[in-house]
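Below is one structure, written out as structure tokens; the observations come after it.
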Amino acid sequence: MTNDFSGLGLSAKVIDAVAAAGYTKPTEIQAQAIPHVLEKKDIIGIAQTGTGKTASFVLPMLTLLESGRARARMPRTLILEPTRELAAQVHENFEKYGKNHKLSVALLIGGVSFDEQNKILDRGADVLIATPGRMLDQFERGRILLSGVDILVIDEADRMLDMGFIPDIERICSLLPARRQTLFFSATMPPEIQKLTSRFLRDPVRIEVARRSSTAETIDQKLVRVSNKPDEKRAVLRQLIRSQDSLTNAIIFCNRKRDVATLARSLQRHGFRAGALHGDMDQKSRMETLDAFKSDKLTLLVASDVAARGLDIPAVSHVFNFDAPTHAEDYVHRIGRTGRAGRAGTSITLATPADGKYIDAIVKLIQRDIPELSVDGGGTHPAPAGTGGTERRSRTRSERRPREEAAEAPAAAAEEQRPARTKARPQQAPKPRHDDDIGIVEDSPFGTDGPIPAFLLRPARPG
């Protein structure tokens, strides 16, 4: 592998911009992919997140685009991204590395005005960065002509599959010129993605810089067994955050969007500088939250999997999986937010008793055990021998530690002394209670959305 960017065939303008950005040595995916892209070959790039994949296509594209000029409504290159955040970050890369160029770059994503981008398209865009649905929408409106696209980049292809974009990708590929260069990047290669590459790429060069679905060696992975009670689980998370001396910032992942908001509010109530990021937020709020996290105004970013892939935040010290991911591949992408570019990072996954099958699937995928941590009032420490790794076994009451039994005894006594519940009077709506952790909640068998519907309170007719 070459030791610097000067030996890859990039133009002087690009090399100067890379040096100004502070980079001196290419990553493995960059060193292998850039020469092939400059030779105008189709590429299949398989690389785990955080390996510098974006620059491996942005830098050679800038060099290739130095010759030629764009025509009105006919972009010269097209980059497809699964999410708005990823598209915006690729746009930032073109601004950073293309500062010595006079290229026009258009960004088509939902949640932002099209006026400025339409002006760029009307003049002629050298680079069009878009999410598939929005790009097709503009094509159907007659705002874009795809007959002039010389280079197509499909980024995060496996994420496209997860989000249901493959039919859109297939349609877009059918609208493009047959004689084009296609650069295809993915962290994993499920069968559906392999079929896509066989249809739309010509004699591609395959570049695989790491074992599929592997995790970076720079990440210290840990597992913590927790109760399935939400308030206890949140308390463990807070203790973990406070016990990490090396924590400068962290991304905390939840499986459900509603839990993202609940957890962020809980952390804020306990004095943490926390923000929420999920797919139901409008684009302006999402970008403001991301900017606050990048600029250290927020220490903790509570996110759904919308933030799991491709976010260019190089110095994230910790990742917490508040919820164990239900898909093993998501674990790789989530913890890949830390330990980037050779930095050390830490990931801690909280696992309830019901998460056993998900943890087993993760261990099988990454082909390594995840050491366990025990959490108590004194902080965190490795789990006792026999409980480490991902091995689980049931313990009888006689095997439980005295501390556990001591904690259970008062609760058991209180349960025995508690009077039997009287039948609730139907005419009374449930009283709201105040949870010091997350605020006002409703005690209702129907969740936290309000009182029991009136029609369910009517007495049943005698049989």
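Each reported figure results from applying straightforward, stated rules to the coordinates on display, with no laboratory input. Predicted model, so just to flag it, every value in this text is computed and none were measured. For neighbour counting, all protein chains shown are included, and Cβ atoms are generated from backbone atoms with ideal geometry for every residue, glycine included.
A few comments on the model shown:
- Set 102/297; 229/257; 229/284; 13/96; 53/257; 13/284 screened for pairs whose C-alpha atoms are more than 22 Å apart: 102/297; 229/284; 53/257; 13/284
- Counting DSSP beta bridges with both ends in the stretch 5-208, the antiparallel % (nearest 5): 5
- Among 199, 206, the order by Cβ neighbours within 10 angstrom, fewest to most, reads 199, 206.
- For the stretch 219-391, the Kirkwood hydrodynamic radius from C-alpha pairs, put into Stokes-Einstein at 10 °C and a viscosity of 1.306 mPa s, yields a diffusion coefficient of 99 µm² per second.
- Sites listed here are trypsin sites (Lys or Arg not before Pro) in the stretch 155-198 whose DSSP assignment is loop and whose Cβ has at most 13 other Cβ atoms within 10 Å: 179.
- 3J(HN,Hα) along the stretch 299-306: 8, 10, 10, 8, 9, 8, 5, 4 Hz, from the Karplus curve 6.51 cos²θ - 1.76 cosθ + 1.60 with θ = phi - 60°, whole Hz, x for Gly and Pro.
- Built amide H within the under 5 Å cut-off of residue 188, gap 5+: 158
- Scoring 257-269, 226-238, 105-117 by mean Cβ neighbours within 10 Å over their residues and listing the highest first yields 257-269, 105-117, 226-238.
- Here, the stretch 5-208 has an Rg and a Dmax of 15.7, 44 Å when only alpha carbons are counted.
- Multiplying the residue separation of residue 198 and residue 4 by 0.36 nm and subtracting their alpha-carbon distance yields 66.5 nm.
- Among the GluC sites (Glu not before Pro) within the stretch 118-177, not one is in coil by DSSP while having at most 16 neighbouring Cβ atoms inside 10 Å.
- Neighbour-limited loop hits for trypsin sites (Lys or Arg not before Pro), the stretch 1-97 (at most 13 other Cβ within 10 Å; DSSP other than H, G, I, E, B): 40, 69
- Extended-chain gain in nm, criterion 0.36 nm per residue less alpha-carbon gap, residue 178 and residue 248: 20.3 nm
- Listed values for the stretch 79-95 are Karplus-derived 3J(HN,Hα) couplings in whole Hz (6.51 cos²θ - 1.76 cosθ + 1.60, θ = phi - 60°), namely 10, 9, 10, x, 10, 4, 4, 5, 4, 5, 6, 5, 4, 4, 5, 5, 5, and x replaces Gly and Pro.
- Sorted by Cβ density within 10 Å, fewest first, the residues 317, 295: 295, 317
- In sequence order, calculated HN-Hα J values of the stretch 56-72 (Karplus, 6.51, -1.76, 1.60; Hz; x Gly/Pro): 5, 10, 5, 5, x, 5, 4, 5, 5, 7, 5, 10, x, 8, 7, 10, 4
- Taking amide hydrogens as placed 1.01 Å from N in the peptide plane, the amide H of residue 321 sits under 5 Å from those of 253, 348, 349, 350, each at least 5 positions away in sequence or on another chain.
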